[in-house]
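Bear in mind these aren't lab numbers, they're just calculated from the coordinates by the rules spelled out. Note that the coordinates shown come from a computational prediction; the quantities given were computed from them, not determined experimentally. Backbone-built Cβ (ideal geometry, glycine too); neighbour counts: all protein chains shown.
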Amino acid sequence: QAAAAAPATTTPGEKDKEQATPSAEATPVAEPAEPPAPTVPSFTLTRLGGCFGPPIAEWCLGRIIAHERNFELSHKDQKKRQWAGSQEVLRYRYLSQLTLTILGCGDIGMH
């Protein structure tokens, strides 16, 4: 009788080596694509430095005064035709009692 061939046995370490070894049919790695060419934006970016500093600084001071004098409530009283005004409107702080600071970059902060 012919002797039967013994089944091939592999150890766990040999099995891992077999799986980690690349086959001859491995797919080659593709070269990275070139980045797209830069495009021209569809908008124009401009800068108007040096022309709005004084008006914005004045607007800030005006808003501070409007807040301190409660101009919004005065306006509501006038719409209701209450010319004597609310007592809230009469209670305000003088600007000389306040320390005001306007933080701004460049032209706004300089005025």
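Determine, from the Cβ-Cβ distance of ALA66 and GLN87 and an R0 of 25 Å, the FRET efficiency 1/(1 + (r/R0)^6), rounded to the nearest 0.05.
Between ALA66 and GLN87 the formula returns 0.85.
Sorted by packing (mean other beta-carbon atoms within 10 Å per residue), highest first, where do 34-45, 66-77 land?
66-77, 34-45
Stretch TYR94-THR27 to full length: gain in nm at 0.36 nm per residue minus the Cα-Cα span?
16.1 nm
Would you please report the Å³ per residue occupied by the convex hull of the alpha carbon atoms in segment 43-92?
That works out to 108 Å³ per residue.
Starting from 0.36 nm per residue, how many nanometres of slack lie between MET110 and ALA37 once their C-alpha separation is accounted for?
22.1 nm
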